1. Considering chain B as a Gaussian network with a 10 Å cut-off on Cα pairs, which listed residue, B:Pro195, B:Pro79, B:Pro168, attains the greatest mean-square fluctuation?
2. Could you tell me the calculated FRET efficiency between A:Leu72 and B:Asn193, based on Cβ-Cβ distance and R0 = 22 angstrom, to the nearest 0.05?
3. Using Cα springs under 10 Å in a Gaussian network model of chain A, which residue among A:Arg132, A:Arg25, A:Arg46 shows the largest mean-square fluctuation?
4. Tell me whether the stretch A:2-190 comes out rounded, prolate or oblate; compute the Cα gyration tensor, take square roots of the eigenvalues as a ≥ b ≥ c, and use a/c under 1.5 as the rounded threshold.
5. Hey, how many Å between the Cα centroid of the stretch A:120-178 and the Cα centroid of the stretch A:9-39?
6. Per the Kirkwood definition applied to all pairs of different Cα atoms, how many angstroms is the hydrodynamic radius of the stretch C:85-135?
7. Calculate, axis by axis, the spread of Cα positions in the protein assembly as shown along the three principal axes, and write the results as whole Å, longest axis first.
8. Distances from B:His109 to the same position in the other copies: list them in nm, one decimal, shortest first, using label points 7 Å from Cα along Cα→Cβ.
Amino acid sequence: MLIALEMIGLVAFAGSGALAAVQARLDLFGVVVVGLTTALGGGIIRDVLLGLTPPTTLRTWPYLAVSAATALLVFFFHPQVARLRRAVLLADALGLGVFATAGTSTALHAGAPVYTACLIGMTTGIGGGAVRDLLLREIPLVLRKEIYAVAALAGCVLVGVGHLLRLPAGLVITAAAVTTVAIRVLALWRRWNAPVAKGTPPSSFS
Amino acid sequence: MLIALEMIGLVAFAGSGALAAVQARLDLFGVVVVGLTTALGGGIIRDVLLGLTPPTTLRTWPYLAVSAATALLVFFFHPQVARLRRAVLLADALGLGVFATAGTSTALHAGAPVYTACLIGMTTGIGGGAVRDLLLREIPLVLRKEIYAVAALAGCVLVGVGHLLRLPAGLVITAAAVTTVAIRVLALWRRWNAPVAKGTPPSSFS
Amino acid sequence: MLIALEMIGLVAFAGSGALAAVQARLDLFGVVVVGLTTALGGGIIRDVLLGLTPPTTLRTWPYLAVSAATALLVFFFHPQVARLRRAVLLADALGLGVFATAGTSTALHAGAPVYTACLIGMTTGIGGGAVRDLLLREIPLVLRKEIYAVAALAGCVLVGVGHLLRLPAGLVITAAAVTTVAIRVLALWRRWNAPVAKGTPPSSFS
């Protein structure tokens with residue numbers, strides 16, 4: 001079941017990357033590269049931080065095939081995909097939940113302390129999207145928009161707490177992923193945003 | 001001979017990075033840093049992904065010296081270099097071919113599966129230029145322009161196939177590098193571009 | 001004492017990242033993430049290049065706590081912080097000196113050759129700020145402004161020379177850090193800039 005969820009997450013992330021690349025008028029190859037990078041980027045960063053090389057995502061061909069196929073589909077059918085706005089956002093939330101919590105679990109297995117594992121898990125969840133935005137010359141969405149990384153962090157912390165309490169891992173990861181998805185979906189639905197600093201921003205000083 | 005080709009590639013990549021930095025009005029130091037990053041970046045990414053630390057490119061002083069000297073020359077003689085447009089593009093194609101195929105071979109020797117090695121080799125070839133464009137706040141050229149990464153990938157796949165067929169490595173790498181260079185030069189000459197998605201791009205949805 | 005200096009550096013870097021994020025109108029969470037990334041980014045890059053995983057900065061909770069608390073303070077009190085312009089720049093120079101020289105020392109202990117250690121030390125000093133600027137879609141300041149990376153490099157080279165001469169490490173690092181800070185402060189005070197290339201920059205050729 002975790003694998004099925006991971007595949008949903010890969011599809012969602014590859015699709016969001018490919019759609020953003022189509023909007024930036026990239027060519028076929030650029031769309032596939034950005035799709036792959038968005039889908040696999042979080043896992044690559046996680047494995048590099050944990051010293052698991054070469055990264056699992058680059059060693060698992062179904063991950064590559066599913067991500068590339070999704071990007072190709074988006075390239076040819078992007079108007080239809082863009083119309084599925086809600087489905088894409090929901091799938092993206094699913095992917096965020098699965099990647100963040102599974103990333104935390106991977107880091108714990110690799111021997112990282114709990115708070116380190118939470119940070120690495122959060123990075124796994126949000127990393128792909130951040131790389132996508134950097135490649136397309138945007139300030140990463142995760143830094144600007146509705147509750148996103150906090151939703152990921154909440155799931156990661158639950159996995160960490162479950163690990164400390166020695167609860168069964170499968171159960172904990174599932175509950176944590178559901179929590180992340182729920183927070184993210186509620187934030188989208190209710191348009192929750194984190195506060196912005198008050199006052200005129202100071203002029204640049206550096 | 002491989003070393004001679006690698007040096008040509010380093011010079012070409014360092015030169016392209018330095019020239020772009022001069023155009024962005026960076027100062028002397030910025031020009032050298034961008035030149036070094038462009039020349040060495042692909043190899044650094046390759047070694048980090050393979051867990052070969054510290055990265056070979058940072059441990060090989062001739063690489064550093066050649067790249068830095070190239071960037072300095074470009075800083076002082078950039079009008080003459082810019083006039084050598086064709087020579088620079090040809091050298092860049094050579095560098096792409098050498099780095100991508102040698103990167104694939106390095107990854108295979110480090111024990112990566114064939115498709116992983118191809119991806120890492122392609123990343124080695126295109127990574128330096130992508131970092132250059134990110135530093136200078138451009139959407140990476142490799143995502144936007146004539147057949148570039150596909151040329152690299154073609155060479156990487158040839159190296160992978162040669163590895164599976166147990167052909168002699170030196171021969172395979174040479175043939176693969178020639179293939180990459182040929183595709184890239186033809187793409188430049190004939191202005192081959194990958195297709196762009198049809199239809200109005202959907203408005204941003206995220 | 002090194003730890004006290006490192007804390008000052010973390011506070012300065014976290015503060016500069018958070019302030020830049022407030023100016024870019026990021027929300028509370030974005031401000032904390034950019035602050036953390038700026039403070040910890042150089043050390044993370046250093047450890048990934050040296051194969052020390054998971055990175056020390058992610059495994060040392062006081063680093064995380066101090067950096068996050070600084071970013072939060074800046075979020076709420078940014079007008080006051082922006083008024084402390086000189087103090088912030090001085091603290092940033094301190095951080096640069098400490099991180100660059102301690103980074104060189106870490107790389108030497110990990111067995112890197114001297115020139116490799118110098119490059120990795122310089123990257124440790126300037127890496128966090130470069131990541132901050134990339135996230136906020138700026139050409140990294142270090143590539144554009146007064147003597148900055150050269151100041152870091154000077155300290156790194158001193159650490160490397162001291163290592164070759166087998167001088168006592170604590171003494172060498174202190175002298176090297178002071179050198180870096182002095183060069184940086186002088187450059188700010190005297191507005192030293194590295195030269196820019198002469199002549200009209202050539203039009204883009206790629």
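All of the numbers you see were taken from the coordinates with simple rules; none came from a lab. A quick note: this is a predicted structure, and the numbers were derived from the prediction, not measured. No Cβ is skipped: glycine too gets one built from the backbone with ideal geometry, and neighbour counts run over all protein chains shown.
1. Per the Cα network of chain B with a 10 Å cutoff, B:Pro195 tops the list.
2. Working: r = 17 Å, r/R0 = 0.79.
Rounded to the nearest 0.05, the efficiency is 0.80.
3. Largest GNM mean-square fluctuation: A:Arg25.
4. On the way: a/c = 1.90, a/b = 1.49, b/c = 1.27.
Prolate, because a/c is 1.5 or more and a/b exceeds b/c.
5. 20 Å
6. Working: mean 1/r = 0.0880 Å⁻¹.
Taking every pair of different Cα atoms in the stretch C:85-135, averaging 1/r and inverting gives 11.4 Å.
7. So the three principal-axis extents are 59, 58, 43 Å.
8. 3.1, 3.1
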